[in-house]
Number of protein chains: 2
Amino acid sequence: MKDFETKVPDGDTRERAVCRSCGFVDYQNPKIVAGAVVSHAGKILLCRRAIEPRAGFWTLPAGFLEAHEQPEEGALREVREEACAEVVLEGLIGIYTVARLSQVQMFFRARFAGDVSFAVGEETLEVAMFAWEDIPWAEIAFPSVTWTLERWKAGVDGMADLDRFSVRV
Amino acid sequence: MKDFETKVPDGDTRERAVCRSCGFVDYQNPKIVAGAVVSHAGKILLCRRAIEPRAGFWTLPAGFLEAHEQPEEGALREVREEACAEVVLEGLIGIYTVARLSQVQMFFRARFAGDVSFAVGEETLEVAMFAWEDIPWAEIAFPSVTWTLERWKAGVDGMADLDRFSVRV
């Protein structure tokens, strides 16, 4: 059983939870989420979530970055895991810092590496390509998915303000 | 004392270190480092490190993002802590994923918020403004500092390739 006390570790400047017995410092750092907007012929790939939170709602393939991964690698892995698709990334759409959750979310533009091919992957109930006007906005899982889609669309329309692509929410 | 075993936690897809007694899952996620190139009249602010690693070497003000911070907020805080300077950020210079260390480093362009004012802060031996030709390249603490400075210079010179500002190293 961990036995944490609150103290300033040696060489640090602020209080952390430190284990009394082994000295383990439980640094709480933000986590990176990486995901992708995969599009083809104007349609966008969305996944319906099989797991909580927001099971049954639609999302972009995305998830927590694993140790030693680049955000781009994480986005490719998530597309592979959740939609069984092989894609190529084409640029960063936006960075959303969800301060409340300590998450920094990075979304990339992507196209299929070869033929348009996808399938239901882990953690996913359904995968489909949606035309912009058919996106089920009321059934989108997370606000950052909506913002990313809007920003993707603005980029497609040539209106993206690249100096403000990092947003704190 | 923690008593970890290696297993796949419920709802996960890969092995993690899980505490046998309390169920704590020791997820290993990359950490974000945020920092800034603060410049004025062509000169760049550098800090000489008071702490390991690389004590005595010069670096840009930068450090680990804290919980609930936006990368931009972390960069401002690090400039304040290490160089006692108040600055305004002007854009993202680059994202460096140091895969070996599981770090995603984000560096921003910055200018002084008011008068040019700085001082030796925590973890710092010396703070100084360097003209480009006077930067002590042989005494720079970390490779990503050198890359960020080169990229900053390329941006100043109008040559930055913004589509490739995220680099895995």
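Site pair B:ARG77 and B:ALA55 shows an inter-label distance of 2.5 nm when each label is modelled 7 Å from Cα along Cα→Cβ.
So what is the relative contact order for chain A, in percent, with contacts set as C-alpha pairs under 8 Å and at least six apart?
24 percent
The residues of region A:1-136 present an accessible area of 45 Å² per residue when probed at 1.4 Å with all protein chains retained. Near the amide H of B:GLN105, within less than 5 Å, lie the amide hydrogens of B:VAL33, B:TYR96, B:THR97, B:VAL98, all on another chain or at least 5 residues away, with H placed in the peptide plane. Sequentially through region A:63-79, phi angles give Karplus couplings (6.51, -1.76, 1.60; θ = phi - 60°) of x, 5, 5, 8, 3, 6, 8, 7, x, 4, 5, x, 4, 4, 5, 5, 4 Hz, Gly and Pro residues having no value and appearing as x.
Surface composition of region B:3-79: carbon plus sulfur atoms hold 48% of the accessible area, using a 1.4 angstrom probe and ignoring ligands, DNA and RNA. Between B:VAL156 and B:ASP12, the simple spin-label model (points 7 angstrom out along Cα→Cβ) gives 4.6 nm.
If you take every DSSP beta bridge whose two residues both sit in chain A, what share of them, in percent to the nearest 5, is antiparallel? About 70 percent, rounded to the nearest 5. Each 5 Å bin from zero holds the following percent of Cα-Cα pairs in region A:1-59: 4, 14, 13, 12, 9, 7, 8, 11, 11, 6, 4, 1.
Loop sites only, by DSSP: take the trypsin sites (Lys or Arg not before Pro) in chain A that have at most 12 other C-beta atoms within 10 Å and name the longest stretch containing none of them. That would be A:21-169. For A:CYS22, the accessible surface of its heavy atoms amounts to roughly 50 Å² (probe 1.4 Å, protein chains only, rounded to the nearest 10).
The label point for A:VAL120 and the one for B:ARG100, both projected 7 Å from the Cα toward the Cβ, are 4.4 nm apart. The distance separating the Cα centre of region B:100-132 from that of region A:19-43 comes to 26 Å. Ranked from shortest, the separations from the 7 Å Cα-to-Cβ label point of A:ASP10 to its equivalents in the other copies are 4.0 nm. Once you order the gyration tensor axes a ≥ b ≥ c over the Cα atoms, which shape class does chain B get: rounded for a/c under 1.5, otherwise prolate or oblate by comparing a/b with b/c? Note, shape of chain B comes out prolate.
Specify whether the C-alpha gyration tensor of region A:32-71 places it in the rounded, prolate or oblate class, a ≥ b ≥ c being the square roots of the eigenvalues: rounded for a/c under 1.5, otherwise prolate if a/b is larger than b/c and oblate if not. Oblate.
Copy-to-copy label distances for B:VAL116, where each label lies 7 Å from Cα along Cα-to-Cβ, are 5.7 nm in order of increasing length. Per-residue accessible area (protein heavy atoms, 1.4 Å probe) orders A:LEU101, B:LEU92, B:LEU149 as A:LEU101, B:LEU92, B:LEU149, starting from the largest. Remark: region A:142-149, residue by residue, has Karplus-estimated 3J(HN,Hα) of 9, x, 5, 5, 4, 4, 5, 4 Hz, where x stands for each Gly or Pro and the curve is 6.51 cos²θ - 1.76 cosθ + 1.60 at θ = phi - 60°.
Take the alpha carbon gyration tensor of the protein assembly as shown, find the square roots of its eigenvalues, order them as a ≥ b ≥ c, and report rounded if a/c is under 1.5; if not, report prolate when a/b exceeds b/c, else oblate. Since a/c reaches 1.5 but b/c is at least a/b, the shape of the protein assembly as shown is classed as oblate.
Measuring with a 1.4 angstrom probe and ignoring ligands and nucleic acids, B:ASP115 comes out at about 130 Å² accessible.
Mean residue ellipticity, 222 nm, helices only, the protein assembly as shown: the sum of -39500 (n - 2.57) across DSSP H runs of n ≥ 4, divided by residue count and rounded to 500, is -5000 deg cm²/dmol. Taking both sides together, the accessible area buried where B meets A is about 3600 Å² for a 1.4 Å probe. The contact residues of region A:27-66, meaning those that lose at least 20 Å² of 1.4 Å-probe accessible area when all protein chains sit together rather than their chain alone, are A:GLN28, A:ASN29, A:PRO30, A:LYS31, A:ILE32, A:LEU65, A:GLU66.
Each copy carries a label point for B:GLU90 at 7 Å from Cα along the beta-carbon vector; from one copy to the others these points are 3.2 nm apart, nearest first. For region B:8-23, a drop of 10 Å² or more in accessible area on going from the chain alone to the assembled protein chains (1.4 Å probe) is found at B:GLY11, B:THR13, B:ARG14, B:ARG16, B:SER21, B:CYS22.
With 29 Å as the limit, write out which pairs from A:LYS7/A:LYS31; B:LYS7/B:LYS31; A:LYS7/B:LYS31; A:LYS7/B:LYS43; A:LYS31/B:LYS43; B:LYS31/B:LYS153 have Cα-Cα distances beyond it, or answer none. Beyond 29 Å between Cα atoms: A:LYS7/B:LYS43; A:LYS31/B:LYS43. Under 5 Å between amide hydrogens, built in the peptide plane, is the criterion, and for A:ALA36 it picks out A:PHE108 among residues at least 5 positions away or on other chains.
The values are calculated or read from the model by the stated rules, or taken from the named source; none is laboratory data. Since the model is a prediction, treat every value here as computed from it, not as a measurement. For neighbour counting, all protein chains shown are included, and Cβ atoms are generated from backbone atoms with ideal geometry for every residue, glycine included. To get the accessible areas, we keep the full protein, side chains included, count just its heavy atoms, and leave off ligands, DNA and RNA. Shrake-Rupley method; radii C 1.70, N 1.55, O 1.52, S 1.80 Å.
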